[in-house]
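Asks: Just dropping this structure here.
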Amino acid sequence: MPLCAIGLNHVTAPLEVRERLVFTADTLRPALQTLVAGNGIEEAAVISTCNRTEIYTVVEAAENAEGVIHWLASSHDVDKAWLRPFLYIHHDRDVVRHLLRVTPGLDSMVLGEPQIGGQTKTAYMEAVSAGAVGQVLDRLFTHAFTVSKQIRTETAIGANPVSVAFAAVTLARQIFGALDGSRALLVGAGETIELTARHLHRQGVRNFTVANRTRERAWELAEQFGGTAIALPDLPEALVSADIVVTSTASPLPLLGKGSAERALKRRRHRPIFMVDIAVPRDVEPEVGELDDVYLYTVDDLREVIEENLRSRNHAAEEAEHIIELQVERFMTWLRSLDSVPAIRRFRDRAADQRDEVLERAMRRLANGETPEAVLEYLARTLTNRLLHLPTTRLREAGEQGQRELLEAARRLLALDDDSPSRTVNPREHKESQ
């Protein structure tokens with residue numbers, strides 16, 4: 001039952017590649033159902049964020065990983081040969097280790113950032129809803145959530161407010177200095193935008209405009225900070241009064257183009273605008289960054305700012321890695337135990353059949369007038385002989401054939417002590433057990 005994970009992230013692929021491999025909320029579930037319908041894929045789950053797209057699978061054989069790559073390429077209409085250099089592939093133990101690192105943010109651009117934990121849970125629930133999760137991935141993801149909670153409880157990995165949102169606000173302060181008095185335009189209403197609003201508010205920003213596809217959700221967020229809400233078509237007008245623009249939506253196409261930015265700058269008399277486009281695919285056309293008086297940054301541009309805020313988390317990350325190694329082994333022990341389940345089930349079923357047959361005979365003896373003591377003695381003796389007959393026959397054959405490894409395995413399996421007294425089966429008892 002091999003595990004396989006295939007993916008790309010902010011380390012292996014630039015933004016222009018990652019944004020072409022994003023799964024949207026509308027496409028993820030049917031895509032998962034297609035994946036597990038063939039290609040030798042028994043279970044599957046996909047984590048798709050601005051910084052990574054990863055497919056976790058349980059496959060019939062390791063070579064089925066090639067089918068996953070083909071599925072990923074075809075589902076986004078890209079050439080498999082073009083895609084392959086950006087991918088990493090993990091198998092078995094490395095899959096477990098990777099997910100246990102991803103979930104608490106140890107594999108994120110921002111070390112220990114908390115958003116990925118929620119995104120991983122969402123990915124798991126989407127896969128469950130698609131009917132793509134079975135026993136193994138269910139256990140793997142729930143184990144990852146438990147380990148992530150342990151890491152955040154026992155280490156200081158999340159002690160400091162380091163995130164993409166925090167990095168964006170830090171960069172705004174480096175450009176503008178004090179932010180009080182600045183006017184912010186936030187595009188989107190998800191977790192990242194809400195976190196950005198909180199950081200801006202702490203820095204003195206009091207003038208907020210929130211634009212979102214769903215205006216009701218925009219109002220919910222705007223009211224928390226005394227701001228106003230607008231619809232996405234009103235963005236060009238709102239851009240005129242915005243000093244700070246942060247975007248993070250799931251729009252497949254850019255929401256702000258070069259023309260809109262040029263017109264806004266003209267009406268602003270070229271007062272500068274600071275823009276951070278966190279979205280993947282991008283919400284702001286790259287050409288906007290070519291304009292004078294526009295400071296446009298993407299998630300990849302935030303890397304340097306983020307790295308300056310990571311030093312305090314490095315020690316916590318080392319502690320977390322030790323926890324992960326222990327928990328990887330714990331999961332692999334459980335996974336290996338699955339190999340014994342069919343044999344254990346057959347062994348117990350056979351024992352139950354023998355028990356039922358001997359019990360039925362004992363009940364008939366009791367009904368025919370034998371004493372309870374005699375029936376109990378018959379039941380105990382016969383059932384014992386029935387259960388031991390086949391194992392002792394196989395052990396005798398192993399001894400006759402000189403199969404020492406099998407005999408040693410039997411001693412370990414049955415916890416036998418060579419010095420313990422043995423009891424020879426009475427021939428009459430053996431005959432009665434037949």
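Asks: Looking at 231, 279, 250 in this structure, which one is within 36 Å of the chain's Cα centre (by Cα) and buried (at least 22 other Cβ atoms within 10 Å of the Cβ)? Break it down stepwise before answering.
Replies: Numbers: 231 fails: buried (at least 22 other Cβ atoms within 10 Å of the Cβ); 250 fails: buried (at least 22 other Cβ atoms within 10 Å of the Cβ).
None of the other options fit; the residue is 279.
Asks: Follow-up. Specify the residue that is nearest to residue 34 (Cα to Cα); the eligible residues are those in the stretch 101-116 that are outside any loop (DSSP other than H, G, I, E, B) and modelled with pLDDT of 95 or more. So that I can check it myself, show each step before the final result.
Replies: Of the stretch 101-116, the ones outside any loop (DSSP other than H, G, I, E, B) are 101-102, 115-116.
After this cut, where a residue has to be modelled with pLDDT of 95 or more as well, the list is 101-102.
Details: 101: 28, 102: 25 Å.
Of everything passing the filter in the stretch 101-116, 102 is nearest to residue 34 (Cα to Cα).
Asks: Looking at residue 223, is it surrounded by fewer than 19 Cβ atoms within 10 Å (Cβ to Cβ), assigned to a helix (DSSP H, G or I), of a type in the set (D, E, K, R) and in contact with a helix residue (DSSP H, G or I) (Cβ under 9 Å, 6 or more places away or on another chain)? Working first, answer last.
Replies: Values: surrounded by fewer than 19 Cβ atoms within 10 Å (Cβ to Cβ): yes; assigned to a helix (DSSP H, G or I): yes; of a type in the set (D, E, K, R): yes; in contact with a helix residue (DSSP H, G or I) (Cβ under 9 Å, 6 or more places away or on another chain): no.
Against the criterion (surrounded by fewer than 19 Cβ atoms within 10 Å (Cβ to Cβ), assigned to a helix (DSSP H, G or I), of a type in the set (D, E, K, R) and in contact with a helix residue (DSSP H, G or I) (Cβ under 9 Å, 6 or more places away or on another chain)), residue 223 does not qualify.
Residues checked against (1) surrounded by fewer than 17 Cβ atoms within 10 Å (Cβ to Cβ); (2) more than 30 Å from residue 145 (Cα to Cα):
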residue	(1), (2)
314	yes, no
318	yes, no
324	no, no
329	yes, no
344	yes, no
356	yes, yes
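Asks: While we're here: Being in the same structural domain as residue 322 (by TED's automatic domain parsing), touching a Cys at 6+ places or on another chain (Cβ under 6 Å) and in a helix (DSSP H, G or I) narrows it down to one residue among 73, 144, 127, 65; which is it? So that I can check it myself, show each step before the final result.
Replies: Numbers: 73 fails: touching a Cys at 6+ places or on another chain (Cβ under 6 Å); 144 fails: touching a Cys at 6+ places or on another chain (Cβ under 6 Å); 127 fails: touching a Cys at 6+ places or on another chain (Cβ under 6 Å).
Answer to the check: 65.
Asks: Mind checking whether some residue in the stretch 226-238 is in the same structural domain as residue 257 (by TED's automatic domain parsing), under 20 Å from residue 282 (Cα atoms) and part of a loop (DSSP other than H, G, I, E, B)?
Replies: No, the stretch 226-238 contains no residue that is in the same structural domain as residue 257 (by TED's automatic domain parsing), under 20 Å from residue 282 (Cα atoms) and part of a loop (DSSP other than H, G, I, E, B).
Asks: Also, quick follow-up: I'm checking my understanding of the structure. Among residues of the stretch 398-413 that are closer than 27 Å to residue 353 by Cα and in contact with a Leu (Cβ under 9 Å, 6 or more places away or on another chain), which one is surrounded by the most Cβ atoms within 10 Å (Cβ to Cβ)?
Replies: Residues of the stretch 398-413 closer than 27 Å to residue 353 by Cα: 398, 406-407, 409-413.
Checking the rest, the ones that are also in contact with a Leu (Cβ under 9 Å, 6 or more places away or on another chain) come to 398, 406-407, 410.
Working: 398: 17, 406: 15, 407: 13, 410: 15.
Out of the qualifying residues, it is 398.
Asks: Are any residues in the stretch 1-42 in a helix (DSSP H, G or I) and under 29 Å from residue 287 (Cα atoms), and if so, which ones? Break it down into steps so the answer makes sense when it comes.
Replies: Initially, the stretch 1-42 is screened for residues in a helix (DSSP H, G or I), giving 15-18, 25-35.
Selection gives 15, 16, 17, 18, 25, 26, 27.
Let's see how each residue does on (1) crowded, with 16+ Cβ neighbours inside 10 Å; (2) modelled with pLDDT of 90 or more; (3) farther than 21 Å from residue 239 by Cβ; (4) in contact with an Asp or Glu (Cβ under 6 Å, 6 or more places away or on another chain):
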residue: 168; (1), (2), (3), (4): yes, no, no, no
residue: 177; (1), (2), (3), (4): no, no, yes, no
residue: 186; (1), (2), (3), (4): yes, yes, no, no
residue: 196; (1), (2), (3), (4): yes, yes, no, no
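Asks: Condition first: in contact with a strand residue (DSSP E or B) (Cβ under 6 Å, 6 or more places away or on another chain) and closer than 22 Å to residue 101 by Cα. Now tell me which residues in the stretch 20-50 satisfy that.
Replies: 21, 22, 23, 43, 44, 45, 46, 47
The values are calculated or read from the model by the stated rules, or taken from the named source; none is laboratory data. Predicted model, so just to flag it, every value in this text is computed and none were measured. Glycine gets a Cβ as well: all are built from the backbone with ideal geometry, and neighbour counts include every protein chain shown.
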